[in-house]
């Protein structure tokens, strides 16, 4: 297919078959001299002829448009601007469009409301049913009214303080307030992972989170525990066994729920507690009562749960049978302080309290409970008044025959 010059710097070639109106379709190209950036021996710039294609007449190219494009390139060469060839101009245009597209996408994502992301992206990734229900409730009641309609970049500590105030005004527990704030933090982190948000997470734990007062302030006497267990046993032997296990070993509810038969060593009288909340595995000795309990139970295979849920999976929480039994024997009657109410965790707390009262060192108790730090066990130190008195008496005895100071009584 022959090319022919139709104007200075413009060539065309005809398509062998395709028509454009009554004439054959033609392809336009332009040619021009371009500086190579080199010089010859005489010191003159070396230039070359460069030809670049524009497009077909059926693509709306005309001689006038070709001449205009050629004039723009020559002007760019004269002024030393970027885009002195069609290839350069097209690359620049492509970069510009890509940048515009990127900015538009960033703007779309940054303008996405917290509610849209929470409902359409975050919740579907919440795989635990219990957590999803709880978080959805917290979101709808407390978070959505304040930050639901806002895009991520507009949410600040002021909004989070408002959420906190709203919850505290109606006497919500510190733990519940912290749960709500932690949910906001979690959603922000997930949004960053999904590249929806690129800013700073507004939930500052030190500044926003409340100090929780969740330590159990009451423990069961052995008589109260026996009365509770007797009531539970009337309704469910399995729940009775789980309660007995926690009370005699100090296991957390989650540790009871995830205990497998391979973790129970009846011969040595030990329980292997693994994958714990504190991330430390430990061995816990069984009392004779617990040994007898396991001896009467039908054994499962190694990795089968000792206390499986209804569908054979790990339970999420203790059966309502526990709370019904607490109500039946009136353990929480007249008690309004939630720290003094008997819950399943009270069994673990009672185990530790009885150990401390009977002289077991705090460090030993902490290791048996799987505490991460000694500070967690120090909450039981108030149960050691006799130990403190004994310590002072030891100091006094160490003075021996040394004359002690005497003081006059001021009247």
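Structure notes:
- Qualifying residues in region 156-167 (those that are surrounded by fewer than 16 Cβ atoms within 10 Å (Cβ to Cβ) and without any contact (Cβ under 8 Å) to a residue 24 or more places away in the chain) - the one farthest from residue 200 (Cα to Cα): 165
- Test: residue 322 is assigned by TED's automatic domain parsing to the domain that holds residue 252, part of a helix (DSSP H, G or I), in contact with a strand residue (DSSP E or B) (Cβ under 7 Å, 6 or more places away or on another chain) and at pLDDT 90 or above: no
- Pick from region 263-291, criterion in a loop (DSSP other than H, G, I, E, B) and modelled with pLDDT of 90 or more, ranking: farthest from residue 301 (Cα to Cα): 287
- Checked against (1) touching a residue at least 40 places away in the same chain (Cβ under 8 Å); (2) surrounded by 12 or more Cβ atoms within 10 Å (Cβ to Cβ); (3) more than 16 Å from residue 245 (Cβ to Cβ), residue 290 passes all but condition (3).
- In region 185-194 there is no residue matching the filter, namely being at pLDDT below 85, on the phi < 0 side of the Ramachandran plot, touching a helix residue (DSSP H, G or I) at 6+ places or on another chain (Cβ under 8 Å) and assigned to a helix (DSSP H, G or I).
- Sole exception among (1) touching a residue at least 24 places away in the same chain (Cβ under 8 Å); (2) surrounded by 15 or more Cβ atoms within 10 Å (Cβ to Cβ) for residue 58, by number: (2)
- Residue pairs whose Cβ atoms lie under 9 Å apart, separated by 6 or more positions or on different chains, with the first residue in region 12-35 and closer than 12 Å to residue 52 by Cβ and outside the structural domain of residue 85 (by TED's automatic domain parsing) and the second surrounded by 13 or more Cβ atoms within 10 Å (Cβ to Cβ) and modelled with pLDDT of 95 or more, do not occur.
- When the criteria are applied in full, residue 377 meets the requirement of being modelled with pLDDT under 75, outside any loop (DSSP other than H, G, I, E, B) and touching a helix residue (DSSP H, G or I) at 6+ places or on another chain (Cβ under 7 Å).
- Residue within region 143-154 that is within 30 Å of residue 315 (Cβ to Cβ) and surrounded by fewer than 16 Cβ atoms within 10 Å (Cβ to Cβ) present: no
- Taken over region 355-368, the criterion of being under 19 Å from residue 273 (Cβ atoms) and either in contact with a strand residue (DSSP E or B) (Cβ under 8 Å, 6 or more places away or on another chain) or in a helix (DSSP H, G or I) (or both) is satisfied by 355, 363, 364, 365, 366, 367, 368.
The values are calculated or read from the model by the stated rules, or taken from the named source; none is laboratory data. Since the model is a prediction, treat every value here as computed from it, not as a measurement. Cβ sites come from the backbone with ideal geometry, for glycine too, and all protein chains shown count toward neighbours.
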